[in-house]
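Trainee: Before we start, here is the structure in question, set down as structure tokens.
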Amino acid sequence: MRALVLTTSYPVRAGSVSGSFVRDLLLALRPSGWRFEVVTPRAAGRGGGLHDAGIRVSEARHWGDHWSGGLAHLRGIPETLASEPWKWMLAPSLTAALDARARATLATRSVDLIWSHWLFPSGLIGARIAGSRRVPHLATAHGADVHLLERLVRLPGIRQLLRAAWADTRIVAPAAHTAHRVSAALGGREVGVCPLPVAVAPCIGERPGSPDSSPRLLFLGRFEPVKGPDLLLEACARIASGRVREIALAGSGSLEPGLRARAACLAHPTRFPGVLDSGDKARAFARADALVIPSRRMADGRTEGFPHAAMEALACGRPVIAPDEGALGAWLARSGAGLAFDPGRCDAERVRGLAGALLRFASEPALREALSLKARAAGLEFRAGSAVARWSEQLIPAGSGAR
């Protein structure tokens with residue numbers, strides 16, 4: 001079986017973090033007999049591409065893709081547009097290029113399924129092409145696109161247009177909270193739920209330290225405002241020396257110079273291990289007592305969904321400390337596999353809430369042990385075996401369309 005995959009985020013260069021979870025998902029599905037033709041925007045810069053058996057990647061060249069790094073594969077399209085609004089003028093060319101490259105691929109290769117990652121623009125492009133080719137269409141809403149969907153449907157007539165565009169599309173999301181938001185925005189249409197599998201080997205049974213030692217904290221993700229790594233450092237600045245054994249900030253991004261400068265002023269040892277591959281991630285989780293996802297509510301109201309790093313941490317049996325909001329907050333409330341803190345209404349209140357959660361985590365060894373046990377149990381749904389089986393079921397019935 002072969003699928004055409006449309007995505008605006010994919011690690012087309014070695015060492016890239018752009019859409020690595022999409023690649024992990026495709027790699028996990030290969031043993032089920034699937035082969036993939038990935039169409040993604042051309043990435044700026046040079047460097048060796050990734051070559052995975054059973055996955056062929058085509059980069060769609062579009063106008064301006066070499067200007068200041070282009071629009072895709074960088075900080076994330078929402079972050080890029082927020083910091084560089086002029087790049088909105090690149091969006092029409094990017095969309096047209098994806099459409100043209102997808103059609104060119106289909107002219108030489110037949111596929112059993114078109115699979116779009118993110119509703120915009122991939123979901124709309126994929127639905128249009130699938131309809132003309134009479135091929136089943138599956139669209140995955142990962143979270144960052146849902147905020148835009150909710151804003152668009154407030155405009156007169158847009159909900160009806162989108163419902164019509166995706167009438168024959170099966171839509172799924174990696175978390176129930178995200179699926180509910182998409183369903184509500186589209187007037188109650190069915191949206192499936194399927195957790196993403198993780199590629200990190202579990203570190204169950206390994207202990208970062210003795211129960212009485214101070215905890216090691218890990219941040220894993222892009223160093224961008226919506227992820228909030230700076231909020232973690234500000235929260236740790238409120239905690240006395242010795243209460244946190246180590247802070248590790250793994251990743252890269254535009255905030256890195258400021259993060260390094262702030263870390264140098266903290267009383268807690270802080271490391272920057274860089275962008276981690278699967279093996280390095282496993283070792284990072286084995287070393288850490290918890291993954292911290294501070295997040296930030298942006299000026300337009302956008303927040304994080306269910307970051308893939310959280311799924312990786314839980315699959316490795318590590319609890320997550322995150323704000324009580326969005327898909328991740330709802331999941332933690334249900335599972336008890338971490339601490340969800342009050343995000344407040346501004347950065348200062350979020351920092352205060354996070355500092356309180358971190359201090360509690362550091363002060364109560366019994367709590368840390370209990371949270372770790374719950375994380376080990378709850379994280380089973382993100383392990384490759386169970387998650388891949390559910391995705392295989394989603395891909396096969398995609399031909400039945402919306403229900």
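The values are calculated or read from the model by the stated rules, or taken from the named source; none is laboratory data. Note that the coordinates shown come from a computational prediction; the quantities given were computed from them, not determined experimentally. Quick reminder, even Gly has a Cβ in these numbers, built from the backbone with ideal geometry, and neighbours come from all protein chains shown. The area values use the complete protein model at the heavy-atom level, side chains included, leaving out ligands, DNA and RNA. Shrake-Rupley method; radii C 1.70, N 1.55, O 1.52, S 1.80 Å.
Trainee: Quick check for me: using +1 on Lys/Arg Cβ and -1 on Asp/Glu Cβ, what's the dipole size of the chain about its Cα centre, in debye to the nearest 20?
Mentor: 540
Trainee: Can I ask one more? Starting from the amide H of residue 321, placed 1.01 Å from N in the peptide plane, find each other amide H under 5 Å away whose residue is 5 or more places distant or on another chain.
Mentor: Those qualifying (amide H under 5 Å, at least 5 residues apart or on another chain) are 291, 292, 293, 339.
Trainee: Further question: Farthest toward the dipole's positive end in the chain, which of 105, 164, 196, given Cβ charges of +1 (Lys, Arg) and -1 (Asp, Glu) about the Cα centre?
Mentor: 105
Trainee: Still on this structure: Which order do you get for 227, 374, 87 if you rank them by accessible area with a 1.4 Å probe, largest at the top?
Mentor: 374, 227, 87
Trainee: Something else now. From the phi of every residue in region 288-298, what ³J(HN,Hα) in whole Hz does the Karplus formula 6.51 cos²θ - 1.76 cosθ + 1.60 yield, where θ is phi - 60° and glycine or proline is x?
Mentor: Coupling constants for region 288-298: 8, 8, 7, 9, 10, 10, x, 6, 8, 7, 6 Hz.
Trainee: Turning to a different aspect of this structure: Tell me, what % of the accessible area of the chain is carbon and sulfur with a 1.4 angstrom probe?
Mentor: Taking all protein chains in place, the chain shows 54 percent carbon and sulfur surface.
Trainee: If you fit an axis through the alpha-carbon atoms of helix 326-335 and take the longest principal axis of the Cα set of the chain, what angle between them do you get, 0 to 90°, nearest 10?
Mentor: Compared with the principal axis, the helix lies near 60 degrees.
Trainee: What are the ³J(HN,Hα) values, in whole Hz, obtained from phi via the Karplus relation 6.51 cos²θ - 1.76 cosθ + 1.60 with θ = phi - 60°, for each residue of region 139-151 in sequence order, with x given for Gly and Pro?
Mentor: 10, 10, 9, 8, x, 5, 7, 6, 4, 5, 4, 5, 6
Trainee: Once amide H atoms are built 1.01 Å from N in the peptide plane, which residues 5 or more positions from residue 58, or in another chain, come under 5 Å H to H?
Mentor: Under 5 Å from the amide H of residue 58 lie the amide H atoms of 38, 39, 40, each far enough along the sequence or on another chain.
Trainee: Once each part is reduced to its C-alpha centroid, what is the distance from region 76-121 to region 320-368 in angstrom?
Mentor: Spelled out, the Cα-based centre of one part sits 36 Å from the other.
Trainee: Hey, another quick one. Tabulate in residue order the Karplus-calculated ³J(HN,Hα) for region 154-167, using 6.51 cos²θ - 1.76 cosθ + 1.60 with θ = phi - 60°, rounded to whole Hz; enter x for Gly and Pro.
Mentor: 6, 7, x, x, 5, 4, 5, 5, 5, 4, 5, 4, 9, 4
Trainee: Ok, one more. Relative contact order for region 291-341: what is it in percent, counting Cα pairs under 8 Å that are at least 6 residues apart?
Mentor: Contact order relative to length: 35 percent.
Trainee: Just the Cα atoms of region 267-403, one point each, no solvent: what log10 I(q)/I(0) does Debye give at q = 0.14, 0.15, 0.16, 0.20 Å⁻¹?
Mentor: -0.73, -0.82, -0.92, -1.26
Trainee: Calculate the radius of gyration of the Cα atoms of the chain to one decimal place, then report Dmax, the largest Cα-Cα distance, as a whole number, both in Å.
Mentor: Reported Rg and Dmax, both Å: 20.8, 63.
Trainee: I've got another one for you. Where in region 155-191 is the amide nitrogen less than 17 Å from a point lying 7 Å along the Cα-to-Cβ axis of residue 334?
Mentor: 172-184, 190-191
Trainee: Figure the gain on full extension for residue 373 and residue 261 (residue separation times 0.36 nm, minus the Cα-Cα span) and round it to one decimal in nm.
Mentor: Contour length minus the Cα-Cα distance gives 36.7 nm.
Trainee: Over the C-alpha atoms of region 250-335, what are the Rg and the largest Cα-to-Cα span, Dmax, in Å?
Mentor: According to the Cα coordinates of region 250-335, Rg and Dmax are 14.1, 37 Å.
Trainee: Mind ranking 55-62, 149-156 by how tightly packed they are, going by the mean number of other C-beta atoms within 10 angstrom, highest first?
Mentor: 55-62, 149-156
Trainee: Which of rounded, prolate or oblate describes region 316-370 when judged by the alpha-carbon gyration tensor and an a/c cut-off of 1.5?
Mentor: Here region 316-370 falls in the oblate category.
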